[in-house]
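Accompanying notes for the structure given below.
Please treat every number below as a calculation from the coordinates, not as lab data. What you see is a predicted model, and the numbers here were worked out from it, not measured in a lab. All Cβ positions, even for glycine, are placed from backbone atoms using ideal geometry, and neighbour counts span all protein chains on display.
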Amino acid sequence: MSSPSLGSASTAVTEAEGTRSDFRHEVETRASPEAVWRVWTDVAGWPAWDTELESARLSGAFDTGATGVLKGRGNPESGFTLEAVEAGRSYRFVTQLPLGGRLVIDRTLTPLERGTRFRHHVRFEGFGGAVLSLFLGGRYRAALPGVMARIGALAEGDEASR
């Protein structure tokens, strides 16, 4: 996977690497790690950059063990749990899927000299995950570069307005 040059994340759209059940993408932006973190941790704001979501909400603080609810486009609401949060660096959230499956999303950021590299890693796990990846994995994988470009653009805009 080639990383785009440091610059506007909104122009850094390429294909996500991997398969429909396990894929990842990373982007570099001029925005600071703090600005990317603010965008990531504003759960109610996730639909502004994730075109696959209609709504998202979190019950409580953005910390390990917190739970929330997502509503995907054309899908019923589903709960999620923040399994691991390393404030300012990374987090993992997991959605339980039918038939014992899990959708696991890891988001990590790396400070750069002038900006941030951030990465999303998406995995469908278990039997239910394997089945659902056949229907949703390709669509989610195709959407990921645009999703990440919007995160970068929002983070850059956030800093410009401060």
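When the convex hull of its Cα atoms is viewed from all sides, the stretch 76-135 shows a mean projected area of 5.0 nm². The orientation-averaged projection of the convex hull spanning the C-alpha atoms of the stretch 27-160 amounts to 7.4 square nanometres. Take every pair of alpha-carbon atoms less than 8 Å apart whose residues are at least six positions apart; their mean separation over the length of the chain yields a relative contact order of 31 percent. At full extension, Asn75 and Arg102 could sit 8.2 nm farther apart than now, given 0.36 nm per residue minus the alpha carbon distance.
Farthest toward the positive end of the dipole of the chain, out of Pro33, Leu103, Val131, is the Cα of Val131, where the dipole comes from beta carbon charges about the Cα centre. A DSSP coil position with no more than 14 other Cβ atoms inside 10 Å describes the following GluC sites (Glu not before Pro) in the stretch 90-162: Glu113.
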